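Undergrad: I have a structure I would like to understand better, so I am pasting it below and will then ask my questions one at a time.
The values are calculated or read from the model by the stated rules, or taken from the named source; none is laboratory data. What you are looking at is a predicted structure, and each value in this text was computed from that prediction instead of being measured. Every residue, glycine among them, receives a Cβ derived from its backbone with ideal geometry; neighbour counts consider all protein chains shown.
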Amino acid sequence: MSNLSGANAVQISTFDVEKIRADFPILHQQVNGQPLVYLDNAATTQKPNAVIDAIADYYRTDNSNVHRGAHTLADRATVKFEAARTKVAEFLNAPTAQQIIWTRGTTESINLVAASWGRANLVTGDRILVSAMEHHSNIVPWQLIAQATGAVVEAIPVDETGTINILAFDAMLDSRVKMVAVGHVSNAMGTINPVEKIISLAHAVGARVLIDGAQAVSHWAVDVQTLNCDFYVFSAHKLFGPTGLGVLYGKRDILESMPPYQGGGEMIETVSFEKTTFNQLPYKFEAGTPDIAGVIGFGAAIDYLNSLDRNAASAHEQALLVYAEEKARATEGITLIGTANQKTSVMSFMLDGAHPADVGVLLDKQGVAVRTGNHCAQPIMDQFKIPGTVRASFSFYNTFVEVDRLFTAIEKAKMFLM
């Protein structure tokens with residue numbers, strides 16, 4: 001790949017990226033007078049027409065609350081709503097659809113587990129292990145529940161390449177460790193963590209394991225039964241679906257033992273002033289009117305992904321990453337941040353003498369959309385002693401020509417910054 005120009009790489013690729021791009025209307029526009037190059041997929045992925053249409057069609061033809069109405073619109077909405085839950089269960093290879101809980105996003109999914117499972121199971125002296133590269137959403141909820149219960153949160157060491165030190169993790173484990181919460185993939189650096197090994201080691205001392213899959217599900221198939229994790233969480237908008245919707249998968253016996261997270265409608269079985277009894281899974285954790293349109297749109301996103309050759313899509317993303325990182329190593333003034341052996345298509349870097357925010361502004365002026373800052377992973381940035389990075393994150397609808405555009409834009413930015 002290192003000897004290919006962008007144009008040549010496109011010519012020999014077996015993945016029909018132009019056909020895919022036609023499905024994503026947002027990609028076909030100009031920003032600041034230049035064709036948009038969208039390289040912020042780790043923040044949110046773009047939405048295909050199928051998802052946009054499914055959401056619009058719900059509001060045009062089926063708009064009604066689910067589970068409660070005694071009329072045709074409610075029936076149609078409920079069928080589509082629950083069909084999406086089944087699609088997600090099959091997507092994850094979950095044993096049952098009842099183990100799929102709708103939330104507002106990865107953040108709420110983690111907060112739900114921390115608050116519900118944590119309050120019921122943690123006591124003073126218990127330990128919660130999270131990796132040093134975690135997103136704030138997989139740190140702060142555990143700190144809050146630790147403060148409430150007397151447990152402590154400890155960081156699993158990460159080395160200078162952005163790789164978890166698995167030997168150090170193993171040495172940290174003992175019977176006081178009750179929860180291990182780690183990302184499947186680092187949002188800041190793209191590191192693929194050895195979650196299978198982490199889960200196995202944690203279970204050996206009786207700990208539960210939550211995997212934050214927000215950055216993983218868009219890149220390859222996830223099998224929660226093979227992983228044997230206790231909880232798996234992610235957001236729809238990272239998987240070509242709408243914002244404001246998340247998924248919590250949990251092992252059935254654990255979910256059934258957990259108290260409700262919120263009270264209100266839908267999550268009850270009976271209510272009186274003397275006693276309230278709670279609904280069965282998954283509704284016990286779904287108080288109030290859900291994001292019905294979002295769930296239906298997410299079902300369409302799953303259908304869209306299932307229509308693709310995901311192995312070919314993943315290979316295309318990896319080829320983009322290899323091509324971009326080789327160009328970065330050949331470009332004066334660029335330092336790559338996060339050089340683990342196993343990575344998804346995320347390239348974080350620093351430009352010598354320039355603040356990442358300034359680089360981002362200059363790239364945007366040329367129509368190139370990237371992320372800058374600490375990426376809600378401040379502890380790992382503090383460990384590396386940097387204010388943040390410029391992050392280019394690739395999806396299967398990106399092209400080698402767009403990678404070339406990124407580096408052309410970087411060269412122009414260097415004229416102003418270095």
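Undergrad: From the list 232, 261, which residue is in the same structural domain as residue 96 (by TED's automatic domain parsing) and in a strand (DSSP E or B)? Walk me through how you get there before you give the answer.
TA: Details: 261 fails: in a strand (DSSP E or B).
None of the others qualify; the one that does is 232.
Undergrad: Tally up the residues in the range 72-104 that are more than 16 Å from residue 282 (Cα to Cα), of a type in the set (Gly, Ala, Ser) and out of contact with any Lys or Arg (no Cβ under 9 Å at 6 or more places or on another chain), please.
TA: Total satisfying the criteria: 1.
Undergrad: Something else about it: If we scan the range 247-255, do we find a residue that is in a loop (DSSP other than H, G, I, E, B) and of a type outside the set (Ser, Thr, Tyr)?
TA: yes
Undergrad: Okay, moving on. Counting only residues that are surrounded by fewer than 24 Cβ atoms within 10 Å (Cβ to Cβ) and aliphatic (A, V, I, L, M), how many does the range 218-238 have?
TA: The total comes to 4.
Undergrad: Only one of (1) in contact with an Asp or Glu (Cβ under 9 Å, 6 or more places away or on another chain); (2) surrounded by 20 or more Cβ atoms within 10 Å (Cβ to Cβ); (3) among the small types (Gly, Ala, Ser) fails for residue 333. Which number is that?
TA: The failed condition is (2).
Undergrad: Name the strands (runs of 3 or more DSSP E) wholly inside the range 91-207 in which the number of residues that are modelled with pLDDT of 95 or more and surrounded by fewer than 22 Cβ atoms within 10 Å (Cβ to Cβ) is 2 or more.
TA: 152-156
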